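Data block below; observations after.
The values are calculated or read from the model by the stated rules, or taken from the named source; none is laboratory data. Predicted, not measured: the structure shown is a model, and the values here were computed from it. Ideal geometry is used to build each Cβ from the backbone, glycine not excepted, and the neighbour counts take in all protein chains shown.
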Amino acid sequence: MASRLFAAPSPHIHGGESTRRIMGDVVLALLPALCVSTYVLGWRVLLTTAIAVAACVLFEYLIQRFMFKRSSTIGDLSAVVTGILLAFNLPAGIPWWIIIIGALVAIGIGKMTFGGLGCNPFNPALTGRIFLLIAYPVQMTDWTTGIPDTVSGSTMLADVKAGVYGVSEIDFVAMLGGHMNGSLGEIGSFALILGGIYLLCRRVITWHIPVSILATMALFALCVAAGEGGDMLYKLPLFHILAGGALLGAIFMATDYSTSPMTHTGMLIYGVGIGLITMIIRLWGAYPEGMSFAIFIMNAATPLINKYCRPKRFGTK
Amino acid sequence: MRTFPIGGIHPSDNKKWSKDMAIEVMELPDEVAIPMIQHIGAPAIPIVAKGDKVLTGQLIAQASGFVSANIHSPISGTVKAVDIFPNGQGLHRQMIVITREGDEWVESIDRSKELKRECSLTPAEIIAKIKDAGVVGMGGATFPTHVKLSIPDGQKAEILIINGVECEPYLTSDYRTMLERGEELLTGVEILMRALRVERAVIGVENNKPDAVAHLRELIAKGNYRGIEVMALKTRYPQGGEKQLIAAITGRQVAPPPALPISVGAVVCNASTSVAVYEAVQKNKPLIERVVTITGKDIAHPSNYLLRFGVSFKSLIAKAGGLPEGDVKVLNGGPMMGRSVVAIDAPIIKGCSGVTIISGAEAERGKEQACIKCAKCVSVCPMGLEPYLLAKLARKQLWDRAEEHNTIDCIECGCCSYTCPSSLPLLDYIRIGKQTVMGNIRARAIKK
Amino acid sequence: MNALLLTVLTLSVLGGILAVILYFVAQRFKVEEDPRIDDVEKMLPGANCGGCGFAGCRSMAEALVKRDDISTLYCPVAGGKTMVDIAGYLGKTTQEKGPQVATMLCGGTCQKRPKVNHYDGAKSCAVVNTLYVGESACAFGCLGYGDCVASCQFGAITMNPETGLVEIDPDKCTACGACVKACPKALIELRKKWPKNRAIYVACRSKSRGAVVMKACKAGCIGCGKCEKACPFGAITIDNNLAYIDPEKCKLCRKCVNECPTGAIHIANMEPLPKEPKPSAEKAEQKA
């Protein structure tokens, strides 16, 4: 008889979820933002993304095969996600060799030194970005490949912070459609929200982290705007949610599984923490944007949050 | 619509294969093997020897303690052997083998078909009859029913819950029983209410079985069964878990172990058990047969059979058209909580509500990958545990920490393994952790 | 220049003050400990394997120093000689125990013990054992998922993929007993260690009747009792259909080996006795 009789402990059926499917969904959710970015900033966007993805996948493969001597795990697509997210955090005109260094730091230091997928305490793409931001501050804030009619060559957050123009002069509809300067993935606010809705529908993420981050930021901005009154009451919160990496960070970076808390209560605490730190850096810090640092700091707090935020045990109050 | 408060999954129920097949009576086997452990608790002790003649329904093994159950001969004939044989898992168990000669029943058993509703026995007499008949929970846990009905001093039952949920995918034996033996079931519920001295009984049925809900409601109205109601519940696995069902129906949560359902005034019995209780009390018929579903995607004739215990898995499978070609997994029970059967010559026993054949690609598990900490297992756990952590602790043999994280609360429903995108065998390890921790707790109790 | 001098001076003064504080604190909180504990700990091997039943070598050393009767304490890694040395140092007495080695008592290789099903769960013997009988029909044999391999801290146990059984390297084995505890089938026994790693043992733990054993495995002990009769030293006993060679009584004469119809008696690092032209025994072997 050719048939095999299997034996295994229960359960004997599986829901069909897989890491590959989840990562595939994330890639799909990132595509609209990539399209907007390409449309606004031109073909360099695609090149940057392609280099980042290829470098991430290659480094993961090499490290798995030749340093860990394990079978390669690139099939789970997690390196592809890291690559896209890394590219989304870079300016469009960045030299190719910086992208490759970023990918090496992201995969090599951010992910593999801790044991690979699921073991990394910090978001790999963010690790790469923060390294580049500190190591190559000039190239990382060179937005000249940006939208032709922006004169300053800097992002809106930086302009507002430097007092080049005020928040009340901003056209929010244009902002939503991607008409602003910034990293590749930051600019298509509407597309990012679309991707977020897709992830929510596919149950890849839950609402807790993005909503708590954005709500905290909006509330914080509202408190600050309370002093000024008038239409700033809605303009300042809206500006902070749409400008910079707020949406990209809240929907795609902060929700990274292995670096975010496991329970819903934990996720809310984590989200509020990110929102607060981001706003503090944006308003009073040395950098115009604080999303990456905020996520990075809260990543470090995740094990602690996991320790204290346990799920509610059945039968207890 | 009500359901239990936390966790849970929605597996495809796959009941379509056998749900429309009316219960068929399976022909009598020529030989049966009756294991002495068919229940939770101490094994029964054989009271027959090789060469003895036995009648159908005759006591052949005596319960050995309070938490144990009597065992009766399912056929009439001669005892061929009392010895050790492998059970479905291939584990060696004491069994009584009987060769059939005709089908002569013990005289006191009433084999007539008519419904006998009146019951004027006292609760103690009812419980004694149930104990004599060897009735155990037929949902799969096989806890002796008389133990469940004996309420400890100082506690009081307020509500009887009948489990007609059958949340396991594939299985349809309870469903068919509710449809075809509804009146016996309801009379059984009346008897159970009398034994427990409760005024209210709720039959919980998931809303993927609307016809069963409607049918039982109609019978209740027609037969004027007082105090019994049918509650449709939102379909969600593991609704049939005792604690989940109580929470779904009464809204009250049983505290963590060692608290029992009676602490919230509830007693839960399976729908098929209720029919067995009816037969034991009103017809003097011991538990010697049950309805078993044989099902699977590649099974030629899936159906529901009324069969005597001791029939082999092999003969039931043969009746349904044999095992499909290729990779197969034979399950005693449903796909979520059923146990793998490797010795198909072994007998079917009291706790077997169905035999599910998983075939083809589904028989083999997915390849294990690294945990990505997605927390899906945490969100589906109906007991509010952290399966990824419990599995890791058990893997590293950190039993004390597993105990701190309440591993003994686990009801082994399998939602965590089902949902894991990395195909990790979470429950395999948690089960080891749970067993070890429970052993440690018992050892500490003995020391004290 | 001035700044440099100031820095050096500040740091030196600071260091001096802190050193004095540290000295007094250390004096104040000094824990009086029997100095012999350190000495005994040095005499122990320092493997911290837990084979003695204590958490590590330090707690074993404490127990050795504190207890009056140390005859029940034994470090399997260091062996009897060291225990006697320690007892002598402490002025106590203990009996020298001979060296031991872990021995795996199952000879059911893939060839001799066919797989009848395919296990697909977590790769752990403990999990398999709670689930069912295992991949073969034998309820006593090696499950082959290597819990003992994982438990061994000395790398003495390896899985042989060809036979599906684990092998223990007697040179690396320290007889700490971790594998004995890890095996859910209780297949590993600490037996007397002979010179040159010689060994003789019944490689089967099946208590099933002969017919049941034969069905499941061609290398199992069927409890026929031939070896018991052949042993001139009374070292072999049959209990529950299973032969057992008492390592204390056995003299390695190997008379039992050729008697066994299934080849369940294994020898290591020794030549078997030449086979006597006894037709009955050979026939039985061919049949098996």
>> Testing A:T263 on (1) β-branched (V, I, T); (2) farther than 26 Å from A:N181 by Cα; (3) buried (at least 24 other Cβ atoms within 10 Å of the Cβ), one condition comes back false. Which one is that?
In response: (3)
> Which residues, taken from region B:247-266, are in contact with a helix residue (DSSP H, G or I) (Cβ under 6 Å, 6 or more places away or on another chain) and touching a residue at least 24 places away in the same chain (Cβ under 8 Å)?
Replying inline: B:Q253, B:P256, B:P257, B:A266
> Mind checking which residues of region B:27-54 are surrounded by 20 or more Cβ atoms within 10 Å (Cβ to Cβ), out of contact with any Pro (no Cβ under 7 Å at 6 or more places or on another chain) and in a loop (DSSP other than H, G, I, E, B)?
Replying inline: B:P29, B:Q38, B:A44
>> Restricting to region A:289-317, give me the number of residues that are without any contact (Cβ under 8 Å) to a residue 24 or more places away in the chain, facing chain B (nearest Cβ under 9 Å) and buried (at least 17 other Cβ atoms within 10 Å of the Cβ).
In response: 3
>> If the requirement is being more than 30 Å from A:P137 (Cβ to Cβ), outside the structural domain of A:I134 (by TED's automatic domain parsing), out of contact with any His (no Cβ under 8 Å at 6 or more places or on another chain) and part of a helix (DSSP H, G or I), which of these qualifies: A:G266, A:G275?
In response: A:G266
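How about region A:37-73: which of its residues are among the aliphatic types (A, V, I, L, M), touching a helix residue (DSSP H, G or I) at 6+ places or on another chain (Cβ under 6 Å) and surrounded by fewer than 23 Cβ atoms within 10 Å (Cβ to Cβ)? If you could, list the steps in order and put the result at the bottom.
Here is the first cut: in region A:37-73, the residues among the aliphatic types (A, V, I, L, M) are A:40-41, A:45-47, A:50-55, A:57-58, A:62-63, A:67.
Then keep just the ones that are touching a helix residue (DSSP H, G or I) at 6+ places or on another chain (Cβ under 6 Å); that gives A:45-46, A:51-53, A:55, A:57, A:63.
A:L46, A:I51, A:V53, A:V57, A:I63 - these are the residues of region A:37-73 that are among the aliphatic types (A, V, I, L, M), touching a helix residue (DSSP H, G or I) at 6+ places or on another chain (Cβ under 6 Å) and surrounded by fewer than 23 Cβ atoms within 10 Å (Cβ to Cβ).
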> Looking at region B:225-317, what strands (runs of 3 or more DSSP E) fall wholly within it and have at least 2 residues that are charged (D, E, K, R) and more than 14 Å from chain A (Cβ to nearest Cβ)?
Replying inline: B:289-296
> Do we find a residue being over 19 Å from A:H14 (Cα atoms), in a helix (DSSP H, G or I) and without any contact (Cβ under 8 Å) to a residue 12 or more places away in the chain anywhere in region B:404-421?
Replying inline: yes
> Within region B:422-448, restricting attention to residues that are small (G, A, S) and either closer than 19 Å to B:R339 by Cβ or within 14 Å of chain A (Cβ to nearest Cβ) (or both), which residue is surrounded by the most Cβ atoms within 10 Å (Cβ to Cβ)?
Replying inline: B:G433
> When you scan region C:203-253, how many residues do you find that are of a type in the set (S, T, Y), crowded, with 17+ Cβ neighbours inside 10 Å and over 13 Å from C:A139 (Cα atoms)?
Replying inline: 1
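Please note which helices (runs of 4 or more DSSP H) are completely contained in region A:1-96 and include at least 3 residues that are within 14 Å of chain B (Cβ to nearest Cβ) and of a type outside the set (K, R).
So the answer is A:19-41, A:78-88.
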> Checking B:C413 against (1) farther than 21 Å from A:H264 by Cα; (2) facing chain A (nearest Cβ under 7 Å); (3) buried (at least 23 other Cβ atoms within 10 Å of the Cβ); (4) of a type outside the set (D, E), which single condition isn't satisfied?
Replying inline: (2)
> What residue, of B:T407, B:T419, is surrounded by 23 or more Cβ atoms within 10 Å (Cβ to Cβ), among the β-branched types (V, I, T) and under 21 Å from B:G439 (Cα atoms)?
Replying inline: B:T407
> From the list B:L260, B:L233, B:L287, B:L219, which residue is surrounded by fewer than 19 Cβ atoms within 10 Å (Cβ to Cβ), at pLDDT 95 or above and of a type in the set (A, V, I, L, M, F, W, C)?
Replying inline: B:L219
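Within region C:135-152, is even one residue of a type in the set (S, T, N, Q) and either surrounded by 23 or more Cβ atoms within 10 Å (Cβ to Cβ) or within 13 Å of another protein chain (Cβ to nearest Cβ) (or both)? Spell out how you get there, then give the answer.
Residues of region C:135-152 that are of a type in the set (S, T, N, Q), as a first pass: C:136, C:151.
So of that shortlist, the ones also either surrounded by 23 or more Cβ atoms within 10 Å (Cβ to Cβ) or within 13 Å of another protein chain (Cβ to nearest Cβ) (or both) come out as C:136, C:151.
Scanning region C:135-152, I find at least one residue that is of a type in the set (S, T, N, Q) and either surrounded by 23 or more Cβ atoms within 10 Å (Cβ to Cβ) or within 13 Å of another protein chain (Cβ to nearest Cβ) (or both), so the answer is yes.
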>> Looking at A:D142, A:D159 in this structure, which one is of a type in the set (D, E), surrounded by 15 or more Cβ atoms within 10 Å (Cβ to Cβ), in contact with a Pro (Cβ under 7 Å, 6 or more places away or on another chain) and modelled with pLDDT under 80?
In response: A:D142
> Which of the residues belonging to region B:346-362 are facing another protein chain (nearest Cβ under 8 Å) and either surrounded by fewer than 23 Cβ atoms within 10 Å (Cβ to Cβ) or in a loop (DSSP other than H, G, I, E, B) (or both)?
Replying inline: B:E362
